[in-house]
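For reference, the structure is listed below as structure tokens.
The values are calculated or read from the model by the stated rules, or taken from the named source; none is laboratory data. Bear in mind the structure is a predicted one, so any value in this text is a computation, not a measurement. Every residue, glycine as well, gets a Cβ built from its backbone with ideal geometry; the counts of neighbours run over all protein chains shown. Heavy atoms of the whole protein, side chains included, go into the accessibility calculation; ligands, DNA and RNA do not. Shrake-Rupley method; radii C 1.70, N 1.55, O 1.52, S 1.80 Å.
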Amino acid sequence: MPTLEFPELADDVIRLRAWRDADADDQLAGLTDPLFVRHSDVPPLDRDKIIRRIAGLDRLREDGSAIYFAIVAANDDTEVLGEVSLSDLDGGTGRGSVGYWLLSAARGRGAATRAVRLLAGWAFTALGLARLELTCGPDNPGSQRVALRSGFRQEGLLRSHQPFKGGRRDSLIFGLLPADLAATAP
Ligand SMILES: CC(C)(COP(=O)(O)OP(=O)(O)OC[C@H]1O[C@@H](n2cnc3c(N)ncnc32)[C@H](O)[C@@H]1OP(=O)(O)O)[C@@H](O)C(=O)NCCC(=O)NCCS
């Protein structure tokens, strides 16, 4: 895939922008947050690994396979709220996968839902994708609510879907089509 350029994506409350090295402490806090760790399979992280992760995410953007955004406050782009991402873009299938997390202080205000809707609108219009997918653990109701509020429909349960904390985990799968996004416009 061609290199993905960062678009201008913002609403009244949030803005999506590239991660910066200066965000490393916020990103470390997000990726070591107890709720994130419970629902993710991440190795132990420190600040140096976060700086390498930020560089690695930019290489994925350059080769067109994924794009990761910091979610920041619309009126202060140094106030990091979390992350939203679009990945698995390299198959030429017209599909992409959405992921997200918020810092604990940023939860409960709709920031993740806003970020997913902004990202999805761009993915359908600018990238021409036909379908977005999102998977999460059956024991992650917060993530499932973000998916449904963003317009995704639950499509099924993927049994033994992925390696997880030394075993394997089932996943719920959600799908979003352009018409679903339009039908659930706030
Ligand atoms: C999943 C996660 C991002 C959800 O965070 P969140 O704050 O609940 O999500 P949103 O930002 O969309 O906010 C929605 C909440 O804010 C409330 N809210 C307040 N104002 C709102 C608004 N204007 N619009 C939408 N929701 C609003 C909603 O009622 C909702 O609360 P509820 O779910 O208790 O009903 C968060 O729990 C998280 O970071 N979890 C760890 C990482 C993770 O599991 N990621 C997903 C892996 S698949």
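Cα extents for segment 92-165 along the principal axes, largest to smallest and rounded to whole angstrom: 33, 32, 20.
Only one residue of Ser104, Ala10, Val80 has its Cα farthest out toward the positive end of the dipole of the chain, where Lys and Arg carry +1 and Asp and Glu -1 on Cβ, and that residue is Ser104.
Roughly speaking, what is the centre-to-centre gap between segment 141-186 and segment 18-70 when only Cα atoms are used, to the nearest Å? Centre-to-centre distance over Cα atoms comes out at 22 Å. Over the chain, DSSP H runs of length four or greater, each weighted -39,500 (n - 2.57), average out per residue to a 222 nm ellipticity of -9500 deg cm²/dmol. Counted by Cβ distance under 14 Å from Gly110, the other residues give a net charge of +4, where Lys and Arg count +1 and Asp and Glu count -1. By the Stokes-Einstein formula, at 1.306 mPa s and 10 °C, segment 9-183 with its Kirkwood radius over alpha-carbon pairs has D equal to 96 µm²/s.
From the residues Ile67, Leu158, Leu89, which one has its Cα farthest along the dipole of segment 9-183 in the positive direction, the dipole being from +1 and -1 charges on Cβ of Lys/Arg and Asp/Glu about the Cα centre? Looking along the dipole axis, the top candidate is Leu158. Expressed per residue, the C-alpha convex hull volume of segment 36-110 stands at 136 Å³. Sorting Arg20, Arg109, Arg61 by accessible area puts them as Arg109, Arg20, Arg61; the probe is 1.4 Å, largest comes first, and only protein heavy atoms count. Think of each Lys and Arg Cβ as +1 and each Asp and Glu Cβ as -1; about the Cα centre, that makes the dipole of segment 117-186 roughly 160 debye.
Electrostatic bookkeeping for Glu8 treats Lys and Arg as +1 and Asp and Glu as -1; over the other residues with beta carbon under 10 Å from its beta carbon, the sum is +2. Each Lys or Arg adds one and each Asp or Glu takes one away; over the other residues whose Cβ falls under 15 Å from the Cβ of Leu60, this sums to -3. The length gained on full extension between Thr32 and Leu127, counted as 0.36 nm times the residue separation minus their Cα-Cα distance, comes to 31.0 nm. Only Lys, Arg, Asp and Glu carry charge here, each on its Cβ (+1 for the first two, -1 for the last two); on that basis the chain has a dipole of about 660 debye about its Cα centre. Computed over protein heavy atoms with a 1.4 Å probe, the carbon and sulfur contribution to the accessible area of segment 9-183 reaches 50%. Rolling a 1.4 Å probe over the protein heavy atoms gives segment 9-183 an accessible area of 48 Å² per residue.
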